[in-house]
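Asks: Attaching a single structure in structure tokens format; questions to follow.
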Amino acid sequence: MQEIIEKLQNITDDKTLNPAQKARYLSIEAENMLPYPALDAQTAEALKQRVICDMYEGHAPYKPRYVLPDYSIVLKNGSAYLELPPPETLDEAINTLMIAYHHVPSVTGIPVYIGQLDDLLLPFCDGVSDDALYRKIKLFWRYLDRVLPDAFMHANIGPTDNRVARAILRVDAELKQIAPNLTFLYDPKISSEDILAMATNNIVECSKPHIANHPLHAKLFDDRGYGIVSCYNVLPIAGGASTLTRVNLKEVALRADSVVHFFAEVLPHYMELNFRLAKVRVDYLFNKSNFFTSFLVEEGWIDPDRFTVMYGIYAMAEAVNILQEKEGLAGQYGFDDVANKLGYRMSEEMARIVKNRPLENVWRGRAMLHSQAGISIDEGATPGVRIPYGTEPDPVSHVQALAPHHQYYSSGISEILTVDETIKNNPEAMLQLCKGALESGFREFTANVASNDLVRVTGYMVRLSDIAKFKACKGSRTNTTALASEAADGTGILDRKPRVVGHELYPSYGQ
Amino acid sequence: MNSIQATVNKILTYSCVDGPGNRLVIFLQGCNFSCVTCHNPYTVGLCNHCGDCIPACHANALELIDGQIAFDPSACDQCDACLDICPISASPMVQNISVADILEIARKNKPFLSGITVSGGEATLQLKFVITLFEAIKADSELKSLTCFVDTNGHLGAQSWGRLLPVTDGVMLDIKAFDPALHHGLTGQNNAKTLKAAKTVRDADKLYELRFLVIPGKTDTEAEIDGLTKFALSLGPDIRVRLNAFQHHGVRAEAQGWETMTKTGIDKIAAHLRKAGIPEVITPAFYL
Ligand code: SF4
Ligand code: SF4
């Protein structure tokens with residue numbers, strides 16, 4: 001008891017947290033005093049050893065991890081619960097959305113999805129001049145960053161070339177804010193070359209947006225569509241993901257004697273335990289939490305049948321290198337053909353297992369495989385199927401080494417291509433690189449320009465100048481190339497608690 | 001014809017500094033200038049198989065077979081010791097690569113490429129190869145959308161330009177200096193051919209950009225910058241000039257003692273050129 005009181009007091013008295021951040025951490029501590037949903041002994045042990053992991057989502061899943069409301073409902077009907085009439089003007093529509101966001105739960109308490117903004121706002125833009133539109137979007141953007149300061153809050157635009165998408169790209173490049181995260185959905189048959197170039201020029205400016213391969217995503221979903229949320233998670237609109245549980249492939253590989261043993265026994269075993277972990281969490285959410293009695297369901301913003309389970313995997317690079325060593329092979333993941341093929345085989349096998357495992361209370365009865373990008377406490381484990389930071393080959397070889405994985409990860413996969421700053425004199429190269437990546441089967445194109453202040457770590461944005469300031473206070477190193485990778489482990493930015501953070505990265509106090 | 005080979009120092013499938021967009025860059029071995037400031041001097045000479053580099057290789061990647069140097073890429077760890085020791089600025093690691101090989105590489109990387117650039121060394125020393133390669137790309141239904149660029153010092157006669165330009169989409173032309181004596185001192189050659197080449201290429205509407213290396217105390221003088229301004233403007237109203245800043249990275253001993261060019265210096269010159277009416281002046285994205 002004394003220990004708990006001390007921990008809670010550390011939170012309430014913390015110098016670096018604001019009251020809202022304290023309230024959030026206190027609520028997490030309270031939730032985690034509750035017993036965990038009942039797990040069988042094997043699953044509990046694997047969780048304890050962190051071969052499998054629940055992302056520290058909390059002991060009592062009383063809300064889904066990710067919620068993607070169909071915001072067109074509230075824009076069309078208004079909301080009886082929120083006492084909102086249907087909006088008629090652009091101002092009213094933006095105002096309605098701003099209100100709506102505050103009622104959308106998520107794992108962090110801040111919405112991870114703020115909508116397909118061009119589709120939502122275009123119907124209100126008749127008679128609004130380009131200049132007025134630009135000014136309204138700019139205020140909206142400033143509001144989002146200042147009031148909902150989370151780098152995982154994600155807006156979508158595209159695939160059409162339209163006024164709202166253009167205004168958003170213009171404002172985003174101008175303000176260079178951490179929030180919101182932004183994805184442009186690209187479809188070579190629908191999007192103009194011009195707007196794709198505008199988006200890739202923005203990447204050169206500020207490392208945003210992501211470019212999503214719309215045709216590849218769209219065909220996996222239905223007419224209500226999908227949204228890209230949080231870092232780069234691809235989920236059904238009017239639904240979301242109940243939970244994300246993940247397998248640490250490095251830990252799995254360490255428990256295997258050989259490649260044969262890995263595929264025949266160890267991998268299927270831990271994958272099954274990870275399914276069980278997801279299942280108890282989904283069961284609690286659906287059967288105990290009363291979440292789905294919310295007005296969100298009643299008014300049709302979300303539909304309980306549209307919540308999937310994200311089946312995460314990470315540390316493939318380490319897993320492949322460990323197995324290569326056990327087989328007496330020298331080739332390294334990302335560089336060697338044999339090593340890369342072993343990786344592709346893992347992806348294919350895991351996709352097969354996920355496809356064959358029914359789950360109740362899950363959209364279409366199956367989980368969706370996800371290449372998971374990591375949280376602050378991951379050590380010695382590279383996100384998803386990525387090549388370890390700092391050792392990546394040139395961007396073209398990088399894409400070619402990882403492209404064959406992308407077909408298997410239906411709920412999202414993303415690699416961060418780091419491009420040196422000479423590209424600033426030649427943004428056409430970024431456009432070409434993007435087209436090449438998407439044509440090679442990348443589901444998502446994400447790039448960092450090395451010298452930009454705003455850079456992506458695991459999928460969310462940080463400001464290097466923030467980190468540099470922090471480091472300067474501590475009087476530590478000056479090597480700029482080390483900065484980005486230092487930031488990647490999260491500890492550097494944790495102590496400082498910038499105003500805008502990625503809450504998902506720090507699932508509880510002290511992590 | 002596609003079996004014709006070139007001596008190739010290096011091939012890159014990603015480069016955003018060798019022309020518009022992302023380009024496949026073929027660095028050809030051998031150069032007719034001997035620039036003190038060359039930042040990849042090991043592309044200058046052609047190997048005479050003296051064998052001096054063999055003992056320098058700690059990885060046993062080099063040997064003499066029938067009097068010819070043989071290189072084993074799988075053993076090499078790119079330490080570059082062999083480059084440092086070579087008395088004639090050659091490289092034992094060059095490969096002979098055919099036009100067909102390059103087409104194959106281009107096909108494999110096509111979705112990522114805006115075009116192909118031959119650089120060096122001095123690319124035009126292997127003119128026949130370059131022309132054959134560009135002709136082959138333009139004749140290939142899958143590859144013909146790739147633009148073909150040459151990065152050159154321009155030291156090439158009118159007749160050769162007449163053969164090269166029809167199959168070339170763009171030329172990046174390096175001018176080392178405007179004062180003939182200074183040019184000779186820096187490169188060991190005269191600049192008359194280069195200056196003439198600029199006009200020839202310009203008349204064919206193929207001049208993508210002029211490149212000028214700014215060296216403190218040598219090519220940043222008023223006279224040189226004035227020469228550059230006048231020359232660029234004489235070529236037409238829409239010329240593009242890229243200023244490169246002299247840095248120590250890669251250069252041989254003699255130039256290591258020279259002062260490096262700063263951002264402030266470059267920015268000042270760029271402002272001067274813009275003010276004089278040159279519409280597009282590109283400056284380095286970063287300084288080492
Ligand atoms: S590379 Fe240079 S040192 Fe080596 S064999 Fe050729 S000429 Fe001699
Ligand atoms: S670069 Fe390669 S060939 Fe040259 S010395 Fe080093 S290991 Fe040997």
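Since every read-out is calculated from the coordinates, none of them should be taken as a lab result. Since the structure is predicted, the reported quantities are computational estimates derived from the model, not experimental observations. Note that we place each Cβ from the backbone using ideal geometry, even for glycine, and neighbour counts take in every protein chain shown.
Asks: Rounded to the nearest 0.05, what FRET efficiency is calculated for A:Phe295 and A:Tyr143 with R0 set to 25 Å and r the Cβ-Cβ distance? Don't jump to the answer; show the numbers that get you there.
Replies: Numbers: r = 23 Å, r/R0 = 0.94.
After rounding, the FRET efficiency stands at 0.60.
Asks: Something else now. Could you tell me the calculated FRET efficiency between B:Glu254 and B:Asp52, based on Cβ-Cβ distance and R0 = 30 angstrom, to the nearest 0.05? Don't skip to the end; give the middle numbers.
Replies: Values: r = 21 Å, r/R0 = 0.69.
So, using R0 = 30 Å, E works out to roughly 0.90.
Asks: Of B:Asn191, A:Leu8, A:Pro105, whose Cα points farthest to the positive end of the dipole of the protein assembly as shown (charges on the beta-carbon: +1 Lys, Arg; -1 Asp, Glu; origin at the Cα centre)?
Replies: Checking the options against the dipole of the protein assembly as shown, the answer is B:Asn191.
Asks: Need the list of aspartates and glutamates near A:Lys288 for cross-linking: C-alpha distance under 17 angstrom, and skip anything on the same chain fewer than eight residues off.
Replies: In chain and number order, the partners are A:Glu31, A:Glu57, A:Asp305, A:Glu360.
Asks: What does the extension gain come out to for B:Ala139 and B:Asn96, with contour length at 0.36 nm per residue minus their alpha carbon separation?
Replies: The span from B:Ala139 to B:Asn96 would gain 13.2 nm if fully extended.
Asks: Across segment A:308-321, in residue order, what do the Karplus-derived ³J(HN,Hα) couplings come to in whole Hz, using 6.51 cos²θ - 1.76 cosθ + 1.60 with θ = phi - 60° and x for Gly and Pro?
Replies: 9, 10, 8, 9, x, 9, 8, 6, 5, 4, 5, 4, 5, 5
Asks: Of the beta bridges DSSP finds with both residues in segment A:180-241, what % are antiparallel, to the nearest 5? Please list the in-between numbers first.
Replies: Working: 4 of 8 bridges.
Roughly 50 percent of the DSSP beta bridges within segment A:180-241 come out antiparallel.
Asks: Here's a follow-up. If you stretched the chain out fully between A:Glu272 and A:Glu349, how much longer would it get, using 0.36 nm times the residue separation minus the C-alpha to C-alpha distance?
Replies: Values: separation 77, 0.36 × 77 = 27.72 nm, distance 1.31 nm.
Result: 26.4 nm gained on full extension.
Asks: Nearest 5 percent is fine: what portion of the DSSP beta bridges confined to segment B:1-153 is antiparallel? Don't jump to the answer; show the numbers that get you there.
Replies: Working: 12 of 22 bridges.
For segment B:1-153, the DSSP antiparallel bridge percentage is about 55.
Asks: Per chain B: cysteines with no other Cys C-beta under 4.7 angstrom?
Replies: Result for chain B is B:Cys16, B:Cys31, B:Cys47, B:Cys50, B:Cys57, B:Cys76, B:Cys79, B:Cys86, B:Cys148, no neighbouring Cys Cβ within the cutoff.
Asks: A further question follows. Could you check the simple spin-label distance between B:Phe286 and B:Asp84, using points 7 Å along Cα→Cβ, in nm with one decimal?
Replies: 2.4
Asks: Turning to a different aspect of this structure: Relative to the Cα centre, what is the charge dipole magnitude of segment B:87-199, using +1 at the beta carbon of each Lys and Arg, -1 at the beta carbon of each Asp and Glu, and rounding to the nearest 20 debye?
Replies: On the way: 11 positive and 10 negative charges, 43 e Å.
That gives a dipole near 200 debye.
Asks: Highest mean first, how do A:110-122, A:231-243 rank when packing is the count of other Cβ atoms within 10 Å averaged over residues?
Replies: Going from most to least packed, we get A:231-243, A:110-122.
Asks: Something else now. Just how large is the dipole of the protein assembly as shown about the Cα centre, in debye to the nearest 20, putting +1 at every Lys and Arg Cβ and -1 at every Asp and Glu Cβ? Show your work: numbers first, answer last.
Replies: On the way: 76 positive and 94 negative charges, 168 e Å.
Using Cβ point charges on Lys, Arg, Asp and Glu, the protein assembly as shown gives about 800 debye.
Asks: Looking at A:Pro395, A:Tyr344, A:Ala373, which one has the Cα that reaches farthest to the positive end of the dipole of segment A:343-420 (charges on Cβ: Lys, Arg +1; Asp, Glu -1)?
Replies: Value: A:Tyr344.
Asks: At a 10 Å Cβ-Cβ cut-off, how would you order A:Met98, A:Met271, A:Met430, B:Met93, fewest neighbours first? Don't skip to the end; give the middle numbers.
Replies: On the way: A:Met98 15, A:Met271 19, A:Met430 27, B:Met93 22.
Placing the least packed residue first, the sequence is A:Met98, A:Met271, B:Met93, A:Met430.
Asks: Still on this structure, I have one more. Considering only DSSP states other than H, G, I, E and B, which GluC sites (Glu not before Pro) in segment A:20-109 qualify as loop sites with at most 15 other Cβ atoms within 10 Å? Could the numbers behind the result be given before it?
Replies: Details: sites: A:Glu29, A:Glu31, A:Glu45, A:Glu57, A:Glu83, A:Glu88, A:Glu92; in loops: A:Glu57, A:Glu83, A:Glu88.
For GluC sites (Glu not before Pro) across segment A:20-109 that sit outside H, G, I, E and B with at most 15 neighbouring Cβ atoms in 10 Å, the list reads A:Glu83, A:Glu88.
Asks: When you look at the Cβ of every residue in A:433-440, what mean number of other chain Cβ atoms sits within 10 Å? Before the final figure, lay out each step's value.
Replies: Details: counts 8, 2, 6, 9, 2, 1, 3, 3.
Mean partner shielding for this stretch: 4.
Asks: Calculate the translational D of segment B:141-288 in whole µm² s⁻¹ from Stokes-Einstein, where the hydrodynamic radius comes from the Kirkwood formula applied to all Cα pairs, the temperature is 10 °C and the viscosity 1.306 mPa s. Walk me through the intermediate numbers first.
Replies: Details: Rh = 16.2 Å.
The diffusion coefficient I find is 98 µm²/s.
Asks: In Å and on Cα atoms, what radius of gyration and Dmax does segment B:1-72 show?
Replies: 15.3, 43
Asks: A further question follows. What nm distance separates the two modelled labels at A:Asp420 and B:Arg107, each placed 7 Å from Cα along Cα→Cβ?
Replies: 3.1
Asks: Within 10 Å of each Cβ in peptide A:385-397, how many partner chain Cβ atoms are there on average? Round it to a whole number, please.
Replies: For this peptide, the per-residue mean of nearby foreign Cβ atoms is 2.
Asks: Okay, next question. Take the Cβ-Cβ distance between A:Met1 and A:Tyr81 as r, set R0 to 45 Å, and report the resulting FRET efficiency rounded to the nearest 0.05.
Replies: Details: r = 40 Å, r/R0 = 0.89.
The value I calculate is 0.65.
Asks: Arranged from highest to lowest average of other beta-carbon atoms within 10 Å per residue, in what order do the peptides B:245-257, A:275-287 appear? Walk me through the intermediate numbers first.
Replies: Values: B:245-257: 13.9, A:275-287: 20.9.
The packing order, highest mean first, is A:275-287, B:245-257.
Asks: Determine Rg/Rh for the protein assembly as shown; Rg is computed over alpha-carbon atoms and Rh is the Kirkwood hydrodynamic estimate from the same atoms. All intermediate terms of the calculation are to be shown ahead of the outcome.
Replies: On the way: Rg = 29.5 Å, Rh = 29.2 Å.
Dividing the radius of gyration by the Kirkwood radius yields 1.01.
Asks: While we're on this one: Please give the peptides B:96-103, B:62-69 ranked by average Cβ packing (other Cβ atoms within 10 Å per residue), highest first, as a rough proxy for protection. All intermediate terms of the calculation are to be shown ahead of the outcome.
Replies: Numbers: B:96-103: 17.6, B:62-69: 12.5.
Result, highest mean first: B:96-103, B:62-69.
Asks: Give me B:Arg107, A:Arg170, A:Arg386 ranked fewest to most by other Cβ atoms within 10 Å of their Cβ, as a rough exposure proxy.
Replies: Values: B:Arg107 12, A:Arg170 17, A:Arg386 25.
In increasing order of surrounding Cβ atoms, one gets B:Arg107, A:Arg170, A:Arg386.
Asks: Given a cut-off of 20 Å, what percent of all Cα-Cα pairs of segment A:240-352 lie beyond it? All intermediate terms of the calculation are to be shown ahead of the outcome.
Replies: Working: 3164 of 6328 pairs.
Counting every Cα pair in segment A:240-352, those more than 20 Å apart make up 50 percent.
Asks: Nearest-5 percent of antiparallel DSSP beta bridges in the protein assembly as shown? Show your work: numbers first, answer last.
Replies: Values: 27 of 81 bridges.
Taking every DSSP beta bridge within the protein assembly as shown, about 35 percent pair in antiparallel fashion.
Asks: How well do other chains shield peptide A:73-85, expressed as the mean number of their Cβ atoms within 10 Å of each residue Cβ? Don't skip to the end; give the middle numbers.
Replies: Numbers: counts 0, 0, 0, 0, 0, 0, 0, 0, 0, 0, 0, 0, 0.
Mean partner shielding for this stretch: 0.
Asks: Also, quick follow-up: Please compute the modelled spin-label separation between B:Lys199 and A:Ala41, points set 7 Å along Cα→Cβ, answer in nm with one decimal.
Replies: Between A:Ala41 and B:Lys199, the simple spin-label model gives 9.3 nm.
Asks: For segment B:74-110, list residues with backbone N below 11 Å from a point placed 7 Å from the Cα of B:Ile11 toward its Cβ?
Replies: Under cut-off, by backbone N: B:95-109.
Asks: Taking 0.36 nm per intervening residue step and subtracting the Cα-Cα distance, what contour gain separates A:Asp91 from A:Phe263 on full extension? It would help to have the intermediate numbers written out before the result.
Replies: Numbers: separation 172, 0.36 × 172 = 61.92 nm, distance 5.61 nm.
56.3 nm is the gain from fully extending A:Asp91 to A:Phe263.
Asks: Straight-line reach from A:Lys22: which lysines have Cα under 22 Å away, leaving out those fewer than 8 places along the same chain?
Replies: Output for A:Lys22: A:Lys7, A:Lys63, A:Lys497.
Asks: Ok, one more. Which entries in B:Lys206/B:Lys268; B:Lys176/B:Lys218; A:Lys250/B:Lys108; A:Lys136/A:Lys435; A:Lys208/B:Lys110 show an alpha-carbon gap greater than 22 Å?
Replies: Values: B:Lys206/B:Lys268 28 Å; B:Lys176/B:Lys218 10 Å; A:Lys250/B:Lys108 32 Å; A:Lys136/A:Lys435 31 Å; A:Lys208/B:Lys110 25 Å.
From the list (B:Lys206/B:Lys268; B:Lys176/B:Lys218; A:Lys250/B:Lys108; A:Lys136/A:Lys435; A:Lys208/B:Lys110), the Cα-Cα distance tops 22 Å for B:Lys206/B:Lys268; A:Lys250/B:Lys108; A:Lys136/A:Lys435; A:Lys208/B:Lys110.
Asks: What are the ³J(HN,Hα) values, in whole Hz, obtained from phi via the Karplus relation 6.51 cos²θ - 1.76 cosθ + 1.60 with θ = phi - 60°, for each residue of segment B:220-227 in sequence order, with x given for Gly and Pro?
Replies: 9, 5, 4, 4, 5, 5, 5, x
Asks: Same structure again: Calculate the length of the line joining the C-alpha centroid of segment B:50-120 to that of segment B:162-207, in whole Å.
Replies: 28
Asks: Moving on to the next point. Which residues' amide hydrogens lie under 5 Å from the amide hydrogen of A:Leu84, considering only partners 5 or more residues apart or on another chain, with H built in the peptide plane?
Replies: HN-HN under 5 Å from A:Leu84: A:Ser79.
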